[in-house]
Structures are given as C-alpha cells and as structure tokens.
Amino acid sequence: MPDVADFIRKLQRRRIEGSHATARQTAELLRSVVSQTRMPYTNQAAALLDSVRAVGEQLIAANPVELAVGNIVRRVLHIIREEDLSSSAVSFEGLMISEKSDDEEDVDQKGGPVLSAAAVAAAARSTLRPRSLQTLLEDGPTPAVPSKSSSAGDSEGKSKSDKSTMGKRLKHSVIEAINLLIEEIDDCYEDISEQAVEHIHQNEVILTLGRSKTVKEFLYAAKQKNRSFRVFVAEGAPRYQGHVLAKELIQKGLETTVITDSAIFAMISRVNMVIVGAHAIMANGGVIAPVGMNMLALAAQRHAVPFVVVAGSHKLCPLYPHNPEVLLNELKSPSELIDFGEFSDCMDFGAHGGAPLMHVVNPTFDYVPPNLISLFITDTGGHNAAHMYKLIADYYSADDLVIKRKSTSSN
C-alpha cells in the first residue's frame, strides 16, 4: 500500500501549504490506494469504496480544518459509484444483445426455452439493488437457465474470469477518472483566470484581503488583457499576507495600494469590486475564509459593492457549517499578536490562583454567510450563492457525506 502514514504526518504537522496542494496530493494518494486494492470476484465496487473510506477517515482526522481533504475523498467515492453504475449499465446492455442472439440460435437449432425480457430486467434489478424482501417479491422466482453441453467446472471458471475482467475494467475506469480529477485541480487557476476579462473593466478599483493565489492569477490575467485598474490590498493582520501579495502584484506591473484592515470601511466607498479567495465553500453558499473576511463582506454590503469569491471546484464542500463534522476554525499562536517578554507580567500564571489576567485569541478563519456574497467564480463559470447546492450535488453522493468505515460486529 502507499505510504499513508507519511502523508498523515504531513497533514498533522501542517507541512502541506494551501488547499490546492493538499487536494492534489490527496487525489494522488487515493489513486494509489485504488490501484493497489485487491479486487474480489464479487462486489468489486464495495471493495474499492471500503479501501478509500478507510484511508479517507484517517486523512480527515489528521487535519479536520483542511476541508479539501474530505472533499477529495468524497469526490473519489462518488467517482467509484458512478463508474460502477456505468459499468453495470454497459454489462446489462451487452447481456441483452447477447441474449437476443442466443435466443435466435436456440429457437433455430434446439427449440428450447429462452430467457424473456422480464427475466433479464429482473436480473438487472437484483444486481443494481441490494437483496431484500421487497425485491424478492418484485422479481419473482428466478428463471431456470437452459443447461449447455459444457461442464459445470468450465462454466464456473468462465464466470470467475468474466468477473475478474470486470473488476480490472472498473479499477481502470476509476483510475482514469481520478486522473481527470487531478488535471481539473491543476487547471483550476487557468480556467478561473480566463474569466477575469469578463468581470474586471477599465479604470476600476479592486479590493482584496490577505494572499490568495487564485486572486493573484485572476488579477494577472486581467492585466495581460490590457485592463488598466488599481488594487487595494488589506494587509491581513496578524500574519500580514497582504504585504506579500502586494509585492507580487507590483512585480507584475499592477498599481497597488496597501491598507490596514481597520481602514477597510473608510476605503470601501472608492472600490468598484471586492475579489477574494476562500478556504472552503459550504453547501449553503457560505464561505470559510481568512479572518477579517466577514468584516470586509459587511462593509461591501453596506456600500453596495459586489463581493466576489474565486475558488476552484476542489474547495466545494457538501457539508453545512452546522454539521458536527465541520471544524470551522483553528487558533494560532498568541506570539503572532503579542511579545511574551513585554507582556510577561500580564501573563503570570503564579498569581491570581494560577490563571492569567490577559487572554489572547488568534483565530485563523472567518465565516461569511451566503447573503453577503454576490457571485462565485469557479473553474466551471460564475454561480449565484443560492445555486451552489446544485453545483455541489453534481460532485458528491449523499451516501458519502459522513466518512466512516463500516463496523464489522461479530455475534
């Protein structure tokens, strides 16, 4: 099996920077898991689902805040279900064609009984659905298949060979689909940037906060299309990632102004559009983004400035903010805010019953509700916040919202 433990250590120690790199490496790891999963003669899709689910549960637990991990695990599970359904449909289509030719041969040569269309349909239903009392009553008795001249051993061997071939074909299809998913992740910056010229116009003023590579590439693309505009960058305290973004924009020839986070409300009236990135896009159209983003969204709404979120489809999360599986925030070190030496007397644990007088809270993320967001721009185009649930439903299965291995209880 691939080195799952090494990847888990990287997630736990926050060694992988950014949702894009995390999503890509997760997809590559799950591709290896699928490739090395041993396929049984029956329930090949269930075997792949169990393998991916077992690994996915460990990956999500290693870093619950990085929602991109869970997104990719659920995408791969959905891929397996879709490929299995497609493979089953193709198999039944071939079965009906083969049965038709066999029927004609039997009628011409032997005149023996043949399987009817109803029998073929019953077999299809029984394969696609789990066996239950209702399906047994619906399908009726299983029709007797005419015996051939070949021996039972040859028939059993042929059946095993066919099932093994189907398992290999399913695994190959799933791996090809995961490869397409990895290509989609790689191409998301380019696909989003191609839409920049449709949204950024001449002599506009754009405001952003923090440092987002998606936003940076989006602004680069507009500049390359000879759009002349200015960019206000809020510094994004206390990590000041906006300083880094401002330097990168200036190197590309963009006119850039750095402002403090507290000056956002004072400057927002001069802005034509707010363009920001996101950590995750939730099923209700809300956004988990760097801290300070909710303040920016409220200021934009107050002054009727469009608030646009750009993000790749790997950041689309099928969960809601209130779901217990969602860990919305993470507290960073207080050292980013204060100097321990200067405030040591305020944090004396030996006085006041062992509790300090000063507490420092340094959250990483903010939550922006969907009513504050004007537009989402993803690699599939522009979307309204109210319609995000439809887009998310195309990528995930309802059976995979909670990633948990099936418990095998012994009686």
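Compute the signed sum of charges (Lys and Arg +1, Asp and Glu -1) over the other residues within less than 11 Å, Cβ to Cβ, of ARG9.
+2
What do you reckon, how do CYS317, CYS346 stack up by accessible area (1.4 Å probe), largest on top?
Working: CYS317 0, CYS346 50 Å².
These residues rank, largest area first, as CYS346, CYS317.
Per-residue accessible area for LEU327 at 1.4 Å probe radius, Å² rounded to 10?
Counting only protein heavy atoms, LEU327 exposes about 80 Å² to solvent.
Pop out the Kirkwood hydrodynamic radius of region 181-262 from its pairwise C-alpha distances, inverse of mean 1/r, in Å to one decimal. Write out the running numbers ahead of the final one.
Working: mean 1/r = 0.0766 Å⁻¹.
Across region 181-262, the inverse of the average 1/r is 13.1 Å.
Pull up all non-local amide H partners of ALA237: gap of 5 or more, or a different chain, and H-to-H distance under 5 Å with H placed in the peptide plane.
Close amide H contacts, sequence-distant or interchain: ASP261.
Taking 0.36 nm per intervening residue step and subtracting the Cα-Cα distance, what contour gain separates GLU330 from ALA5 on full extension?
114.7 nm
With θ set to phi - 60° and the Karplus curve 6.51 cos²θ - 1.76 cosθ + 1.60, what are the ³J(HN,Hα) couplings of region 281-290 in order, to the nearest whole Hz, using x for Gly and Pro?
My calculation for region 281-290 gives 10, 7, 5, 8, x, x, 10, 9, 9, x Hz in order.
Hey, any idea what % of region 34-79's accessible area is carbon plus sulfur with a 1.4 Å probe?
Here it works out to 48 percent.
Suppose a student asked you for the relative contact order of region 243-380, using Cα pairs under 8 Å spaced at least 6 residues apart; what percent would you report?
Numbers: 190 pairs, mean separation 42.3, N = 138.
Answer for region 243-380 is 31 percent.
Computed over the Cα atoms of region 254-350, what is the ratio Rg over Rh, Rh following Kirkwood?
Working: Rg = 17.7 Å, Rh = 16.4 Å.
With Rh from the inverse mean 1/r over Cα pairs, Rg/Rh is 1.08.
Got a sec to turn the phi values of region 292-303 into Karplus ³J(HN,Hα) couplings, 6.51 cos²θ - 1.76 cosθ + 1.60 with θ = phi - 60°, whole Hz, x for Gly and Pro?
For region 292-303, the Karplus-derived couplings read x, 6, 5, 4, 5, 5, 5, 5, 5, 5, 4, 9 Hz, x marking Gly and Pro.
Looking at LEU30, TYR41, LEU67, which one has the Cα that reaches farthest to the positive end of the dipole of region 9-93 (charges on Cβ: Lys, Arg +1; Asp, Glu -1)?
LEU67
Rounded to the nearest 10 Å², what accessible area does ASP84 have for a 1.4 Å probe in the complete protein model?
50
Solvent-accessible area per residue for region 210-282 at a 1.4 Å probe radius, Å²?
Value for region 210-282: 45 Å² per residue.
Given the whole protein assembly as supplied and a 1.4 Å probe, what does the accessible area of TYR396 come to in Å², nearest 10?
Roughly 20 Å² of TYR396 is accessible to a 1.4 Å probe.
With 31 Å as the limit, write out which pairs from LYS171/LYS216; LYS223/LYS332; LYS225/LYS315; LYS213/LYS404; LYS225/LYS247; LYS10/LYS216 have Cα-Cα distances beyond it, or answer none.
In this structure, LYS171/LYS216; LYS223/LYS332; LYS213/LYS404 exceed 31 Å between Cα atoms.
The values are calculated or read from the model by the stated rules, or taken from the named source; none is laboratory data. All of these numbers come straight from a predicted model, not from anything done at the bench. A quick note on method: Cβ atoms are made from the backbone with ideal geometry, for glycine too, and the neighbour counts reach across all protein chains shown. For accessibility, only protein heavy atoms count, side chains too; no ligands or nucleic acids. Shrake-Rupley method; radii C 1.70, N 1.55, O 1.52, S 1.80 Å.
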